[in-house]
1. Quickly run through the stretch 198-250 and pick out the residues that are under 15 Å from residue 20 (Cα atoms), out of contact with any Pro (no Cβ under 9 Å at 6 or more places or on another chain) and in a loop (DSSP other than H, G, I, E, B).
2. Mind listing just one residue for me: the one in the stretch 169-180 that is more than 16 Å from the ligand (Cβ to nearest atom) and open to solvent by 20 Å² or more (accessible area, probe 1.4 Å) and, of those, farthest from residue 83 (Cα to Cα)?
3. Counting just the residues of the stretch 17-67 that are hydroxyl-bearing (Ser, Thr, Tyr) and surrounded by fewer than 19 Cβ atoms within 10 Å (Cβ to Cβ), which one comes out nearest to the ligand (Cβ to nearest atom)?
4. Restricting attention to the stretch 68-92, and to residues there that are open to solvent by 20 Å² or more (accessible area, probe 1.4 Å) and among the charged types (D, E, K, R), which single residue is nearest to the ligand (Cβ to nearest atom)?
5. Looking at the stretch 77-173, what helices (runs of 4 or more DSSP H) fall wholly within it and have at least 1 residues that are charged (D, E, K, R)?
6. What's the number of the condition residue 139 fails, among (1) of a type in the set (A, V, I, L, M); (2) under 29 Å from residue 57 (Cβ atoms); (3) away from the ligand (no atom under 16 Å from the Cβ)?
7. I need the full set of residues from the stretch 195-210 which are closer than 11 Å to residue 239 by Cα and open to solvent by 10 Å² or more (accessible area, probe 1.4 Å), in order please.
8. Of the numbered conditions (1) touching a Pro at 6+ places or on another chain (Cβ under 9 Å); (2) of a type outside the set (Phe, Trp, Tyr); (3) more than 16 Å from the ligand (Cβ to nearest atom), residue 154 satisfies every one except a single condition; which is it?
Amino acid sequence: MTGTFKTPPAGDATFQFTVFGDTRTRHDMHQKVIDAVVKHELDFILHTGDLVQDGTDTPQWPVFFQIERDLLRKVAFFPVLGNHERNSPQYYEFFDVKIPYYSFQWGQAWFICLNSDFGNAERTKEARDRYFDEQTRWLEDELQKSQKAALRFVVFHHPPFTAVKSRQTGSEPPVRKWVPLFEKYKVHAVFNGHDHNYQHHLVNGIHYIVTGGGGAPLYAVDGPIEGKTVKVESIENYVIIKVDGKTARSEALALDGRVIEAIEFK
Ligand SMILES: [Fe+2]
C-alpha cells in the first residue's frame, strides 16, 4: 500500500492538525472517530495516548492500524505513550521511535510530546523520580529553545487538571509539577487524554484541553473545577486546530460535526 504525507512548511504558512486520544477498547467507536477525522484536510495528527488496550499484546496493534489505515496513509502521526501502552517494545517498533519523549517544529509552532506514564517507565520509585527529573530538565531546555516560536504546544497523556471526580484524589498528579514551567515559558495550550471525554480548563492563561474521546468508554465530567473549568462534555470527540501564522484556532468536534467548543490561541 502506498501513501503520501505533508512535511513541515517554511515560514508563516497556514496548516491544520488534529488531536485525539484514547482510541482503545471500543473498535466500532474508534472507527467512527477516524471516519469523521479523515474528512478533514490535515497536515498531521497528535495522539494523546492509550492507542490500544494493552500495548504488550501484539495482535491488538493490527486492529488499531486497520481502523486508522485511511488516515495514516495520508497524514503524519505523532503519538505519546499512555498507561495502556505499558511502555511496550511494540509501541517503539511499530512507530519506529527510539525515545519516549520528543519535540518537533511545524511552521511557526513548536510541539513538545512528553511521556507522563511514569509508572511503566521505571520499576522503582527512585528510578521514576530520576526519570521525571531528567525529563523535566529536557522539557525546560525545549521550552527555552522554543521562545522564538510563535506558538508552543505540549502533549502528554495524564491531565494536570480533571473534571472527573473519581480522579480528583486530593494528591496532586506528578504532571502538576510541570505547570509552573508552562506558565513561565508561556505555553499556549496543553493537550491531554486519559479521561474519556472533552474538557477545557484555563489556568493562569494556559489552556488545558483533554481530548480522550477516541473510542474508549466515556467517563462522566461530574467535578468541574471552580475558577478553572471552562467547558466539559462526556462525548466522543476530536480537536481540529488551524494555525494561521502566529495565531491558532481550535475547534472541538462531536462525531455529528457539532462544534463542542471553539478557542483562539494567541
Ligand atoms: Fe490512560
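The values are calculated or read from the model by the stated rules, or taken from the named source; none is laboratory data. All of these numbers come straight from a predicted model, not from anything done at the bench. Methodologically, a virtual Cβ is constructed for each residue, glycine included, from the backbone with ideal geometry; neighbour enumeration extends over all protein chains shown. Heads up: the accessible areas ignore ligands, DNA and RNA and are worked out on the full protein's heavy atoms, side chains in. Shrake-Rupley method; radii C 1.70, N 1.55, O 1.52, S 1.80 Å.
1. Within the stretch 198-250, 213, 214, 215, 216, 217, 218, 234, 235, 236, 237 qualify.
2. 180
3. 25
4. 86
5. Where helices (runs of 4 or more DSSP H) fall fully within the stretch 77-173 and carry at least 1 residues being charged (D, E, K, R), they are 89-94, 125-145.
6. Among (1) of a type in the set (A, V, I, L, M); (2) under 29 Å from residue 57 (Cβ atoms); (3) away from the ligand (no atom under 16 Å from the Cβ), residue 139 violates only (2).
7. Across the stretch 195-210, there are no qualifying residues.
8. (1)
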